[in-house]
Structure formats: structure tokens, C-alpha cells
1. Report the relative contact order of the range 51-306, percent, no decimals, based on alpha-carbon pairs under 8 angstrom and at least 6 residues apart.
2. Any idea what angle helix 291-307 forms with the longest principal axis of the chain, computed on alpha-carbon atoms, 0 to 90 degrees, nearest 10?
3. Tell me which aspartates and glutamates have Cα within less than 13 Å of Lys33's Cα, excluding those fewer than 8 residues away on the same chain?
4. I'd like the trypsin sites (Lys or Arg not before Pro) in the range 101-180 restricted to DSSP loop residues with at most 12 other Cβ atoms within 10 Å, sorted by number.
5. Need one number: nm distance between label points at Ala42 and Gln142, each 7 Å from Cα along Cα→Cβ, rounded to one decimal.
6. Just to verify a number: FRET efficiency for Asp405 and Arg195, C-beta to C-beta distance, R0 = 51 Å, to 0.05?
7. At Leu336 and Ala203, where each label point lies 7 Å from the Cα along Cα→Cβ, what is the point-to-point distance in nanometres?
8. List the chymotrypsin sites (Phe, Trp or Tyr not before Pro) within the range 56-164 that fall in a DSSP loop (any state other than H, G, I, E or B) and whose Cβ has at most 13 other Cβ atoms within 10 Å.
Amino acid sequence: MADLAATRAATRLDPHRLRTDFPILSTANRFGKPLVYLDSAATSLKPLAVIEAVDGYNREYSSNIHRGIYELAERATGAYEAARAKTARLINAPEPAEIVFVRNATEAINLVAYSWGRRNIGRGDTIVLTEMEHHANLVPWQLLVQEKDGDLEFVPVSDDGLLQLDVYEVLLHLRPKLVAFTHASNMLGTINPVRHMVEMAHAAGALVLIDGAQAVPHMPVDVQELGADFYVFSGHKMLGPTGSGALWARRELLEAMPPFMAGGDMIREVHLRRSDWNEIPYKFEAGTPDIAAEIGMGAAADYLLDLGLDAVRDHERELTRYALEVLPREVPGIELYGPAAEHRGGVVSFNLPGIHPHDVAQILDRSGICIRAGHHCTMPLHERFDLAASARASFNVYTIPEEIDALAIGLREVVRVFDR
Ligand SMILES: Cc1ncc(COP(=O)(O)O)c(C=O)c1O
């Protein structure tokens with residue numbers, strides 16, 4: 001037992017130490033207040049390893065990939081393909097060729113909706129989504145079913161922020177062609193029982209797309225173990241650069257799908273009146289990609305794997321538990337949304353009665369505290385809870401309990417300013 005305890009202790013994150021990896025955390029705002037960054041669900045901060053990987057490409061071997069015959073271009077191609085292999089390792093994809101680089105999770109979902117969707121969804125076909133989807137995993141499917149005369153159905157969310165799986169089971173009797181849901185909610189923080197949900201969907205004959213934008217940065221994700229068909233995520237939320245992201249899909253699905261965008265790099269042979277497609281994943285990577293960003297995403301994948309995703313999850317679970325305990329105790333009248341810490345990632349959405357979340361965010365900003373305010377691209381979910389908007393604090397590997405204390409003090413100040 002002692003050995004186990006020692007191993008666990010040795011694999012715990014030391015957020016105070018690793019904060020020195022993030023240069024932005026030593027900056028201050030215009031009032032001289034140090035940065036308290038609690039908006040990681042919108043985008044994460046970037047460690048030096050990522051900044052240097054991007055910088056290294058631009059300074060030392062900036063050149064195009066997959067076409068140069070000279071050493072510099074071969075180095076760029078090597079780094080880009082190494083980033084693909086690192087990204088594959090992060091989610092335990094069976095092979096790097098199943099990773100398609102895209103700009104973000106939104107582009108990955110659109111790729112599937114256009115390429116797979118337009119070939120496989122027809123009149124009267126059903127796609128099952130949930131009420132907690134980010135607009136990125138809703139609007140592309142709306143466009144698809146509008147065009148094809150198909151239907152959307154939605155798994156409802158309970159008052160405590162969990163998906164109602166009994167209704168999901170009933171919806172699966174409609175024999176949907178596709179089920180698409182988020183791994184973790186960016187508003188409620190809910191971590192969905194995705195493995196179980198995939199099994200249920202497959203038993204009903206549906207394919208499954210999982211939106212992993214809020215999961216990959218925060219917990220171990222193994223696409224083989226989950227058994228999903230499509231899995232999407234963004235680099236910029238997992239400590240990587242903006243403009244990087246990935247779609248993972250099983251080889252046979254990618255091979256059967258037509259290209260999404262056409263042009264250079266995605267072809268094998270081009271004639272004036274017809275062309276043949278390149279092999280996967282290049283078939284889906286038309287034109288010059290954001291080479292530096294994807295190389296940076298590879299560095300971010302390495303950084304996370306070095307930290308250990310179990311340790312990341314433990315750290316963020318503890319922070320969330322702390323926030324759920326401290327905020328209601330210290331902030332009079334605060335209303336919190338979402339389930340208990342066991343079922344959620346490091347996301348805490350809330351409202352102060354009678355105070356608009358924009359005002360909350362603006363007043364916190366004076367103290368150097370950054371939070372998100374608005375609908376967080378989940379308008380239907382806000383409607384479900386009868387909310388026009390909410391404020392949201394979200395955490396990452398560099399978040400420390402002292403920042404949650406600062407948030408609590410800041411929120412007390414907001415309440416004082418509004419004199420309630
Ligand atoms: C759950 C979820 N899905 C998809 C997205 C879209 O990510 P991106 O804007 O990087 O495409 C987000 C972004 O907040 C998200 O939280």
C-alpha cells in the first residue's frame with residue numbers, strides 16, 4: 001500500500017511548479033494585477049514547449065511539406081508527420097494515418113457532416129444529438145438534415161446536468177444513422193458515459209461521433225477503448241496553438257468518404273477532366289495546412305503525455321471539488337449549474353442573482369480575473385435551464401486553488417458593488 005501511495009504521490013501534478021512553463025502567467029493586467037486565467041475551456045494557455053516548437057519551425061526550417069526535395073522541406077515534412085504520430089498517441093489511435101489535421105473541432109465536425117453525411121444521410125433518416133451540444137456539434141447537422149430532409153432528435157438533460165439515458169434508449173428505437181454527442185459539456189462540465197453510449201448506439205446500428213474538444217485536454221482518452229467511429233478535438237484547448245485540430249476516424253470510414261475540400265496535396269493524379277484522390281489522411285488535407293500550428297499541437301500532445309492524463313484529471317477533479325465547496329460558502333446567492341465533481345470536468349458555470357454575467361466578468365477583469373460570460377455557444381442548453389446567459393470559470397493543468405479563492409473574493413466584490 002505504501003508503494004502505491006508513493007507512486008500516486010510521485011505522479012501527482014505540481015501545478016505551482018509547472019506554472020513556470022507558461023510565460024503568460026507572469027504577466028499583469030493594466031491595473032498591475034497578476035493574471036488569474038479561468039477561461040481555459042475557451043482556449044488554453046500555451047507552455048514554452050509549444051511556443052518553442054512553433055518558433056523553431058518559423059525560425060529554422062520554414063518550408064512547405066510533402067513536396068520539397070531539399071533538406072529544409074524534408075525536415076518540415078518530418079516534423080509535421082511526427083506531430084501526427086504524437087496526436088495519434090495522445091488518443092491511442094491505431095495508426096497516424098487515421099488522424100486528419102484540421103483547424104479545429106468545428107472544422108472536423110463539418111468535414112464529417114459534408115463528406116460522410118451527404119453520402120449517407122437521406123430523406124427521413126434520423127441523427128440523434130443531445131441538448132448539451134456546443135453549436136459546433138449542432139449547426140452542421142441542422143444544415144445536413146435541412147438539405148436531405150432528415151430529422152434531428154435530442155437526448156434531454158436532467159435538472160442536475162446529466163443526460164437522460166432512458167430517453168436515449170427510446171430514441172435509439174428510431175434506428176438513427178448517426179449519434180453525435182459531446183464527451184464533456186463546455187457549460188455544465190458533465191462528463192458523459194461515452195463508452196456505454198457508444199455501445200448502445202452500435203447495438204442500434206448507428207455510427208457515433210464524439211466531440212472531444214473538452215475531454216482530450218483533461219483526461220485519458222482512448223478511442224479504441226471507447227469504440228467510437230469519429231472523434232474530434234481542437235489543439236488550442238489542449239495547450240496547443242490556434243489553427244490546429246484533429247479528426248480521428250476508423251480507416252475504412254475515411255477511405256470510403258469523398259474529399260471535403262479539393263485542390264493541391266489531396267490528389268494522386270490530376271487530368272483536365274478528372275482526378276484521383278491521395279491516400280488517407282492526405283485526401284482530406286487540401287492546400288497548405290497550418291504547418292507550424294500542427295507541429296505545436298504535437299508538442300502539446302507530448303507535454304500532456306509527459307504530465308500523465310490521469311494526474312491531469314485528478315488535479316482538475318480536486319480543483320472542481322474545491323470550487324464547488326468554496327463558491328457557495330463564500331459568495332452569497334450564487335447559483336451553480338451542473339453535476340457533482342465526480343461527473344464533471346474543470347468547468348463551473350454560475351450566476352449571481354440579478355447581475356448580468358457580462359457585468360460579473362467586467363468587474364472581475366479589474367482584478368485580473370478572466371472568466372467567460374454569455375451563452376458559451378450552447379444557446380439551447382441555456383434555454384433548457386431557462387437562462388439568458390451564465391458566467392463560467394474553467395480550469396486547466398496550471399490552475400491553482402489560490403485562483404479559486406481569488407475568484408470567490410472577486411465575486412464577493414461584485415455582489416458588494418451591486419449592493420445586494
Ligand atoms: C464541447 C465543444 N465542442 C466544440 C467546440 C468548438 O471548438 P473550436 O472553436 O475550437 O472549433 C468547443 C469550443 O468551445 C467546445 O467546447
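Nothing in this text is a laboratory measurement; each read-out follows from the coordinates by a stated rule. Predicted model, so just to flag it, every value in this text is computed and none were measured. No Cβ is skipped: glycine too gets one built from the backbone with ideal geometry, and neighbour counts run over all protein chains shown.
1. 25
2. Helix 291-307 and the main axis of the chain meet at about 50 degrees.
3. Within the straight-line cut-off, Lys33 pairs with Asp365, Glu403.
4. Numbers: sites: Arg103, Arg118, Arg119, Arg123, Lys148, Lys177; in loops: Arg103, Arg123, Lys177.
Passing sites in the range 101-180 are Arg123.
5. It works out to 2.2 nm between the two label points.
6. In this case the efficiency is close to 0.90.
7. If labels sit at Leu336 and Ala203, their model points lie 3.4 nm apart.
8. Taking the range 56-164 and a limit of 13 other Cβ atoms within 10 Å, the loop chymotrypsin sites (Phe, Trp or Tyr not before Pro) found are Tyr70.
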